[in-house]
Amino acid sequence: MGRRIAQIICFAFGALLFALYFSQHPTARSLNTAVMIDYWQIIFAITLLVGVISFVRINLSNIRRGDNRPYRIISLVGLAVMPILAIIWGIKGNSPFMWMFEYVQVPMQSTVFALLAFFVASASFRGFRARSAPAAVLLTAALLTLTSRSSLEGIVPQFITEAADWVRGNPSMAARRAILIGIGLGSLTTSLRVILGIERTWLGSDK
Amino acid sequence: MKRLNSRHWIFSGLFAIVVITMAANVNLDMRVSPETERMFNYIDSLPTGATVIVSFDHEASSLPEIRPIALALLRHTFSRDLNLIGIALLAEGTGIGYRLMTQTADEYDKTYGIDYVYLGFKPQYIAAILSMGESIPDTYPEDYLGYAYRDHEMLQNIKNYNDIAGVISIADGSLTTHWIEYGASRYNVKVSAAVTAAMMTTYDPYLASGQLHAMFGGLRGAAEYEKLIGIGGSGKRSMLAQSVAHIYVVLLIIVGNIIYFRGRRKDGGSS
């Protein structure tokens, strides 16, 4: 019975939002605005709460087990400190919250991201080999792109830049288009299957 | 002490060449790509006083690449006396966007509320894009600083996308896609993008089809844009580091393959 009610709610809201999206009627448009401005935000806030509770529960149980205890404590302290700073001093201008964001979070995230350059360099030496014809094609495309995206005008022949632009504008774009169209059609069919109740895995098992 | 293996040497080599090149401060010239020129011409073609939404749709991790891109773009828009509305559809872009906007506004003596406004973050980006198409003041009743939307002189006649010349999404991910799918397709707002280099090929089909009006990106795009506006910035300098790193990786690939093929010949082609 519970599954049936969930399915009916899913169908009703799926069909309603689908109709509202395409309708130009003033009532439909104002209802659409209300759904987007109010209801989506409420749903988002609740999902955020679910995420935070889950994060705290998982970390607490792992701390109890002694699994990566220092890191998990730091995570929980971070989770608690940022809202406290935001509630007391706000999140704007030169608030402590913004200081923590700019001088702790931003450098840490940028550092982790920058480490990728080192791993790419290492992987290019150890793993990027022309073992087969397709691998050789991939390798050539990578070399062309890397060279053309450097500021080496006057050093690198013009035809390399032109070849890299051709790779980006033809085979790369064709593949990307195919993927995008595939994703679009897949999303459309999955959405229809969910709305019409054909796809029911999101409801969980019968147990 | 444990012996260094090839990976450690590669890491050290990359670190050394980037530091040396940055210290040497070599001046490299570069050709401006047609796509960067197109973005520049688009901004240049907008009439004085036109209102543009700049959306900071990125996270903190990509700031070293996003900052020069955003600064070059904002400098150009402010120098053209365009009115800017700043928003952020990812929480992490909110504070960054505000800082970048106020920094460049100060450079051009622009006044908050008259020349630019920062509306800040709105969760649920698809809902935010769609609801701004219906009503921007309903979506953002207050700006980032807590002032009422209606109190700003610049926003008096801005109700929805019909009153906006275009949207520029500064992104490090796929959020620009949502601007195209919902903003451009549904409300016909002109969407352009300034993105990280890794995302450029993702948007190539949209640019080719005209769904995306203009796009530039990456450190190279930032350096090219700095060249076009005639203001030096961190894009050109960072591009230097990126260029030597690219050459280094190209050399590593070549050396790695030479070693591989020599080893294969020695083994009689068995490996």
- prompt: Could you give every pair whose Cβ atoms fall below 6 Å, whose first residue belongs to the stretch B:57-72 and is in the same structural domain as residue B:192 (by TED's automatic domain parsing), and whose second residue is crowded, with 22+ Cβ neighbours inside 10 Å and aromatic (Phe, Trp, Tyr), counting only separations of at least 6 or pairs across chains?
  reply: B:72/B:225
message: If residue B:227 meets every condition in (1) without any contact (Cβ under 8 Å) to a residue 40 or more places away in the chain; (2) more than 7 Å from chain A (Cβ to nearest Cβ); (3) touching a helix residue (DSSP H, G or I) at 6+ places or on another chain (Cβ under 9 Å) apart from one, which number is that one?
response: (1)
- prompt: Does residue B:26 satisfy being within 14 Å of chain A (Cβ to nearest Cβ), touching a helix residue (DSSP H, G or I) at 6+ places or on another chain (Cβ under 8 Å), touching a residue at least 60 places away in the same chain (Cβ under 8 Å) and within 30 Å of residue A:125 (Cβ to Cβ)?
  reply: yes
- request: Among the residues of the stretch B:204-240, count how many are part of a helix (DSSP H, G or I) and over 16 Å from residue B:62 (Cα atoms).
  value: 16
message: I'm checking my understanding of the structure. Among residues of the stretch B:29-56 that are closer than 17 Å to residue B:169 by Cα, touching a helix residue (DSSP H, G or I) at 6+ places or on another chain (Cβ under 6 Å) and within 14 Å of another protein chain (Cβ to nearest Cβ), which one is surrounded by the most Cβ atoms within 10 Å (Cβ to Cβ)?
response: B:56
Out of B:11, B:15, sole residue that is crowded, with 17+ Cβ neighbours inside 10 Å, within 12 Å of chain A (Cβ to nearest Cβ), assigned to a helix (DSSP H, G or I) and over 22 Å from the mean Cα position of the chain (by Cα): B:11
task: Under 6 Å between Cβ atoms, at least 6 apart or on separate chains: pull out the pairs that start in the stretch A:39-55 with a residue that is more than 26 Å from residue A:72 (Cβ to Cβ) and end on any residue that is assigned to a helix (DSSP H, G or I).
output: A:40/B:127
query: Within the stretch A:106-116, is even one residue within 11 Å of another protein chain (Cβ to nearest Cβ), under 30 Å from residue B:261 (Cα atoms) and not charged (D, E, K, R)?
result: yes
task: Please enumerate the residues belonging to the stretch B:111-168 that are over 20 Å from residue B:49 (Cβ atoms), charged (D, E, K, R) and assigned to a loop (DSSP other than H, G, I, E, B).
output: B:122
statement: Every listed condition ((1) in a helix (DSSP H, G or I); (2) touching a residue at least 12 places away in the same chain (Cβ under 8 Å)) holds for residue B:201 save (2)
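The values are calculated or read from the model by the stated rules, or taken from the named source; none is laboratory data. This structure is a prediction, so every number in the text was calculated from the model and none was measured. Cβ: placed from backbone, ideal geometry, glycine included. Neighbour counts: every protein chain shown.
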